[in-house]
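To start, the structure itself, in structure tokens.
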Amino acid sequence: MKNKETVRNNESAGNLSANQPLSLSLDETVVQFKRIFNNDGTLRVRIIENNQGVPVRSGLIYVDGMVDRNLIQNGIVKPVMAYECTEEDNVDPAGLMETLRMEVISIADIMASVELDELVGAVVSGKTVFLLDGYAGALIIGAQGWEIRAIEEPTTEKAVRGPREGFTESLLVNLTLIRRKVRNSDLKFVFTEIGTRSKTQTCICYMESLASPDILKELYDRLARVEIDHILDTGYLAELIRDEPYSPFEMIGSTERPDSLVSKMMEGRIGLLIEGTPFVLTLPYVFVENFQASEDYYINYYFASFNRLLRVLGAFMSISIPAGYVALVTYSQEMVPTLLLLSIATARQSVPFPTIVEALIMLTIFEVLREAGARIPTSIGQAVSIVGALVLGQAAVDARIVSAPMVIVVGLTGITTLLNPRLTGPLIIVRLALLFITFFLGIYGYFFGLLGLVIHLMSLRSFGVSYMLGVGSIRPQDIKDTAIRAPWWDMYLRPAIIGARNMRRKPSKKTAKRS
Amino acid sequence: MRLLRRGMASLLSLLLLLNLSGCWNYTEVDDMAIVAGVAIDKNEADGKLLLTVELVDTNGGMDKTQAGFKMISLSGDTMFEIVRNIISITGKKLFWSHAKSIILSREVAREGLIKAIDWYSRDTETRSDVFIFVSGEKTAREVLNLNSTTETIMSFELAQMMRDEKFISTAPAVEIWDFIDKLETKGNNATAPMISIHEENNKQNERVTGTAIFKKDRMVGSLNGDESKSMLFVKNKIKGGVLDMDDKQGNPAYSLEIISNQTKVKPRIVDGRLQMQIHTVTKTGLDEVMTPQGFGEGESIQDIEQRAGERLQTDILAVIHKLQREYDADVFGFGEMVFEEQPKVWAKVKDHWLDTFADLDVTVSSKVIIQSSAKTSRAIRPGD
């Protein structure tokens, strides 16, 4: 009971602060702060007594660990202490404050404020508040400094060729990474705050001359409607602002690579970054982006196209293999080549379970191994593969719990899923759905399910852009960057609709020849 | 309300779709007996049909590299009755989609095939691309039973043999749809390959050679391997094979490998009578010369070509005459050709076509071209 009351008191204190005016007295303001930051051991208050001329008292309030102490020491405390205060200053505290701000404190990021609410916000975001006794105002000084992770190669999107830097958890560093690639004032960063409690800094970035104003407006509208008390990763936002909330497919892209984000912005897409995660959202998102890797654009286009086709084939196989196997073995045995049927029948002798149960057992085991491999520390990661390959694969076949062809089927399914890391989730769901419908209806059900999948995909929209953009098209320009990757000299238009505002990427071949 | 209506509509269409799916059923592969082939005999005791099915035995497990086989015989009045009754022996439902061959005994063939093959072409599970054979032995069963000596699944082996038949051309490869098609066509008679047991050193092997000749659905006679080849020449079905040739003295001396053959049959009216004009052009390669002199010395290539052509011509005429006089069966489909090219004549003769066929004038002109002499241009010449 007591705890609950304290919490409620804290809440009321936090809410009340908004309306309180700043006091003239330094001590009173400090007390106000201490009340707001009740039970917070990281709040630091430094009172500076200056007796060089006329005595003047000032104070610093900051949160420990979020500031650069050296900067505060050399940029604020030292010069303020050395300042010789005149009689004139004593009479006019506002003038003194202005003098301190303009002439004494030697830190670049500095601004004045008279609202307690704003000051509290500044303190929690790592800024330092400078107060002067006898003046009902304060300075907010940006002297933040905390440990951040170094820029590293992104682990989720590895590339053999191409830039090796990846986004970090720090928003400002991330923006630097983008800005360094696009040295053009056309690149815009718009900041906003999301999360009623966490107040996470969010940045929308886009190329003003390329991004569609309609999509941008739609994004602002959706962000304004977001009601959540905290966000820790862009995954929260992606789920909150996406279209088709019940579809298993991702409707908003995410990347860890600055080069990938920039290339998407250059096609008219919009990026959405938040403080605290290296994953950046890109929108609108279309289906073929699932198959694109940034490396595709850096390596030879034949090879890149081949890799893309492999990924598409992989995704198709990943959903089709278990269902197809079950359909052929339990319903349409006449479609299996005779010798293959004989070896399957031989292998299935004395296996106690129906094919569907066998398939479910092995698929579940595979998913368990996958999830275990992703979660456990790398030092014992080898154990998983040993258990998976030896114990569950070989032993299960020897013990006649599953048949050998099923191990091949599940192995192929698993390996083809790994070709498309972005699609892993949807593929698993679609695969199971197809497997069940096939179990009930045979190969007929499989095609029925596939048809349903295509209808579903065709009906999706991401921020007004058809999810299957370019897939059903027969115009050469539309398919240049889909299942294949056309050479750069041939891609002279941006993707339709997304890049509609300024379609021409570069002069077309014809124009180039004429000039 | 709208959502409900949409839901109901999709549910309804889903249910309706399920009814459109045709024939399907859930079966595990290990719960069925896979039929490899079937032999159809007439039971000596009661004169009923005697069915012998060759089943693939999948019980061997994975340690065996090759699937085994099982034979089951049962007699009964109708085919389907027997097929269903076999379940009481195997305990598993027979699965027919992978059957590869049907062997019919001569007796069944002579009495009429329709009763034996109607079920096979009518049932949903059986395939119409199964190969059909007529046993040259007393029963069809004993050919199928050969698998006990050859240790392989006989029916699959026979199917493999028919796929390679084009390299020998001594028997027609006939699938059941083709057989039934010929059976139903006016101006055409069906054929089927003959299968017999070839015994050598106490080892028995199956051998497909010769042709069974049918009139309607009854077998009326047979051709041997060489005659079959000549028949296939007329039917333009030669894809390969060997023409063996004697030298001038009449000793076997040359082998000509058939590379390609083109046969044209033209029904013509000559002096008011229907005449079939057959032209064959055969491209061959000289693949064997059994004389030490080599082919260039004893006689020229042109000589060999000419004699081969003459020989082929005689052979073809002989087989046509045999079919005209002995069996009176138009297995070449001459009637169909007359119908296609001389419809007015056909209208006059179609009602008594087989009589017309028996007296039909036939001319044959064969041309054999030797294109190459295989790898070498010279013969093996013994040194000292």
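The values are calculated or read from the model by the stated rules, or taken from the named source; none is laboratory data. If you're wondering where the values come from, they're calculated on a predicted model, not measured in any experiment. Cβ placement follows ideal geometry from the backbone for every residue including glycine, while neighbour counts extend to all protein chains displayed. Note: areas computed on protein heavy atoms with side chains; ligands, DNA, RNA excluded. Shrake-Rupley method; radii C 1.70, N 1.55, O 1.52, S 1.80 Å.
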Residue among A:ARG257, A:ARG269 that alone is out of contact with any Phe, Trp or Tyr (no Cβ under 6 Å at 6 or more places or on another chain) and over 22 Å from A:SER170 (Cβ atoms): A:ARG269
Test set (1) within 13 Å of chain B (Cβ to nearest Cβ); (2) more than 26 Å from B:ASP129 (Cβ to Cβ); (3) open to solvent by less than 50 Å² (accessible area, probe 1.4 Å); (4) assigned to a helix (DSSP H, G or I) - A:ALA327 fails condition number: (2)
message: at pLDDT 90 or above and either open to solvent by less than 20 Å² (accessible area, probe 1.4 Å) or within 28 Å of B:GLU125 (Cα to Cα) (or both): which single residue out of B:ILE40, B:ILE34 fits that description?
response: B:ILE40
query: Here are A:GLY276, A:GLY268: which of them is surrounded by 23 or more Cβ atoms within 10 Å (Cβ to Cβ) and of a type outside the set (A, V, I, L, M, F, W, C)?
result: A:GLY268
message: Among the residues that make up the stretch A:124-143, is at least one of them open to solvent by less than 30 Å² (accessible area, probe 1.4 Å), aliphatic (A, V, I, L, M) and in a loop (DSSP other than H, G, I, E, B)?
response: yes
query: Can you tell me how many residues in the stretch A:362-375 are β-branched (Val, Ile, Thr) and either open to solvent by 50 Å² or more (accessible area, probe 1.4 Å) or facing another protein chain (nearest Cβ under 7 Å) (or both)?
result: 2
- request: Within the stretch A:408-440, track down each residue that is within 12 Å of chain B (Cβ to nearest Cβ) and in contact (Cβ under 8 Å) with a residue 12 or more places away in the chain.
  value: A:ILE437, A:THR438, A:PHE439
- prompt: Would it be correct to say that B:THR363 is at pLDDT below 85, farther than 18 Å from B:SER169 by Cα, touching a helix residue (DSSP H, G or I) at 6+ places or on another chain (Cβ under 9 Å) and not in a helix (DSSP H, G or I)?
  reply: no
query: Considering only the stretch B:112-136, how many residues are over 14 Å from B:ALA190 (Cβ atoms) and either more than 14 Å from chain A (Cβ to nearest Cβ) or among the basic types (Lys, Arg) (or both)?
result: 8
task: Please indicate, with yes or no, whether at least one residue in the stretch A:180-187 is crowded, with 16+ Cβ neighbours inside 10 Å and either modelled with pLDDT under 90 or in the same structural domain as A:ARG46 (by TED's automatic domain parsing) (or both).
output: no
- request: With a cut-off of at least 2 residues that are in contact with a Leu (Cβ under 7 Å, 6 or more places away or on another chain) and either open to solvent by less than 90 Å² (accessible area, probe 1.4 Å) or among the polar types (S, T, N, Q) (or both), name the helices (runs of 4 or more DSSP H) lying wholly within the stretch A:16-93.
  value: A:26-36
query: Looking only at the stretch A:234-247, which residues are open to solvent by 50 Å² or more (accessible area, probe 1.4 Å) and in a loop (DSSP other than H, G, I, E, B)?
result: A:GLU244, A:PRO245, A:TYR246
- prompt: Any residue at all in the stretch A:397-412 that is among the polar types (S, T, N, Q), within 21 Å of B:TYR26 (Cα to Cα) and at pLDDT below 90?
  reply: yes
- request: Give the residues of the stretch B:238-249 that are assigned to a loop (DSSP other than H, G, I, E, B) and either within 13 Å of the chain's Cα centre (by Cα) or buried (at least 17 other Cβ atoms within 10 Å of the Cβ) (or both), sorted by residue number.
  value: B:ILE238, B:GLY241, B:ASP247
task: Report, by residue number, each residue of the stretch A:330-359 that is touching a residue at least 60 places away in the same chain (Cβ under 8 Å) and assigned to a helix (DSSP H, G or I).
output: A:THR330, A:MET335, A:SER343, A:ILE344, A:ILE356, A:ALA359
message: Take residues that are under 19 Å from the mean Cα position of the chain (by Cα) and tell me which of the helices (runs of 4 or more DSSP H) falling wholly in the stretch B:49-140 contain 1 or more.
response: B:106-111, B:114-122
field: Members of the stretch A:462-481 found to be among the polar types (S, T, N, Q) and within 23 Å of the chain's Cα centre (by Cα), listed by number
entry: A:SER462, A:SER466
query: Any residue in the stretch A:339-352 that is in contact with a Cys (Cβ under 7 Å, 6 or more places away or on another chain) and either crowded, with 19+ Cβ neighbours inside 10 Å or within 14 Å of chain B (Cβ to nearest Cβ) (or both)?
result: no
